[in-house]
Structure formats: C-alpha cells, structure tokens
Amino acid sequence: MASSGKETGRPAAAGPSVLLVCLGNICRSPMAEGALRAEARRLGLSIEVDSAGIGDWHAGGPPDPRAIATAAKYGIDIGDQRARQIRREDFARYDHVIALDASVMTALARLRPAGSRAGLSLFMDHVADRAGQCVADPYHGDDAAFETSWSDVLAGARALAGRLASE
Ligand code: 4NP
C-alpha cells in the first residue's frame, strides 16, 4: 500500500490531504480510503489519504474481514490498513477531515480545535443529491449491509476525487 501518513505522522507528498473518519476505523472509513485511493489513481490525482476512528477499540488492527472481502470483490486491497484513533493534531495536518455519518460529524466538531486548518464535511455531502445522508454503519449488519456501504463509499469517493481534481 502507498504511504498512508500513519507511519510518517504527516502526509508526505504534495496535493490535497484527506482524513476519512468513522466510528471504529475498521469498516466504513477503511473502505472509503481504499475507494478514494483507487479513484485518485484512476484520475491521476496526487492526493494523501488516511482514515481514523472516533474510538480506539480496534487501534492497530486490520479492517473487519467483511470490509476486506467486500473491497476485494471490487478489486481493491485494504488488508494492509491498520486502525487508529483520530487525534486533535489531525485537524492541523489535513486539508479535509470528512465524517462518514452525522454522529461522527458531531464528535469531530467537538474535537476540532478552534481555528483549525482542516475543513470539516460529511462524506455524502460531496455527492449530488445526497447531501446530509450518512453511510450506514454495517458493523452489526450482514453482507448486504457491507454491499450498501461499499456502494455509498464508492459514490462518495468518485465525487470527492472529481471535486479535488478540479480544485
Ligand atoms: P465503522 O464500524 O465505524 O464503520 O468502522 C464500527 C466498527 C466497530 C464498532 C462500531 C462501528 N465498535 O463498536 O466496535
């Protein structure tokens, strides 16, 4: 996997930097990270992408096996990702901190130091006609829930990459 910023603590190359955040950093945001990396690569867009969770329950661990399997089904390997908890410093480090759902958005707004560099947005706000929508948490769901999450994160990744490419 390309450098994610997790090892270096800071995005390495030029281009916009994006941190995708969900609750546990083992289902939605790792899938979104994989989809956004793939979409940026497809567009030839130089971008730094990482993901994190509000909680630290899964820190250091790989994505949920169902998330890995779902992404793999669509040709994207997210098995090397490792979960981490968001840090206040992330708001100074990234251009965009993006929440996968509304409760995560609320938590991020509380955590964000005043005057932070990072712009805060909801992932699905970047998708036409889907503003305000959440990527539903598939953790307690079945395979169909992971398929729905994948479809949503793919739509978000395509829209976000397109927007960043035109900035
Ligand atoms: P995620 O899903 O936020 O999409 O990674 C979850 C994963 C784990 C938990 C909650 C949500 N958890 O409570 O452990």
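The values are calculated or read from the model by the stated rules, or taken from the named source; none is laboratory data. Since this is a predicted model, take the numbers as computed values, not measurements. Every residue, glycine as well, gets a Cβ built from its backbone with ideal geometry; the counts of neighbours run over all protein chains shown.
Structure above, values below:
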{"read-out": "Close pairs from the stretch 99-110: first under 11 Å from LEU23 (Cβ atoms), partner among the acidic types (Asp, Glu) and surrounded by 13 or more Cβ atoms within 10 Å (Cβ to Cβ), Cβ under 8 Å, at least 6 apart", "value": "ASP101/ASP137"}
{"read-out": "Per-region count, the stretch 48-77, residues surrounded by 23 or more Cβ atoms within 10 Å (Cβ to Cβ) and part of a loop (DSSP other than H, G, I, E, B)", "value": "1"}
{"read-out": "Residue that is modelled with pLDDT under 95, more than 18 Å from TYR94 (Cα to Cα) and not charged (D, E, K, R), where the choices are MET1, MET31", "value": "MET1"}
{"read-out": "Selection within the stretch 106-149 - at pLDDT 95 or above and basic (Lys, Arg)", "value": "ARG110, ARG112, ARG130"}
{"read-out": "Output for the stretch 48-73, where each listed residue is of a type in the set (A, V, I, L, M) and within 14 Å of the ligand (Cβ to nearest atom)", "value": "ALA52, ILE54, ALA59, ALA67, ILE68, ALA71"}
{"read-out": "Boolean, LEU45 is more than 8 Å from the ligand (Cβ to nearest atom), buried (at least 24 other Cβ atoms within 10 Å of the Cβ) and farther than 19 Å from ALA109 by Cβ", "value": "no"}
{"read-out": "Condition met for VAL97 (surrounded by 17 or more Cβ atoms within 10 Å (Cβ to Cβ) and assigned to a loop (DSSP other than H, G, I, E, B))", "value": "no"}
{"read-out": "HIS126, sole failed condition from (1) away from the ligand (no atom under 14 Å from the Cβ); (2) buried (at least 17 other Cβ atoms within 10 Å of the Cβ); (3) farther than 15 Å from LEU36 by Cβ", "value": "(3)"}
{"read-out": "Test: residue in the stretch 138-145 that is closer than 19 Å to GLY34 by Cβ, in contact with a Lys or Arg (Cβ under 8 Å, 6 or more places away or on another chain) and in contact (Cβ under 8 Å) with a residue 60 or more places away in the chain", "value": "yes"}
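This table checks each residue for (1) in contact with a Pro (Cβ under 8 Å, 6 or more places away or on another chain); (2) within 13 Å of the ligand (Cβ to nearest atom); (3) of a type in the set (D, E, K, R).
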residue	(1), (2), (3)
GLU33	no, yes, yes
ASP101	no, yes, yes
ALA109	no, no, no
ARG117	no, no, yes
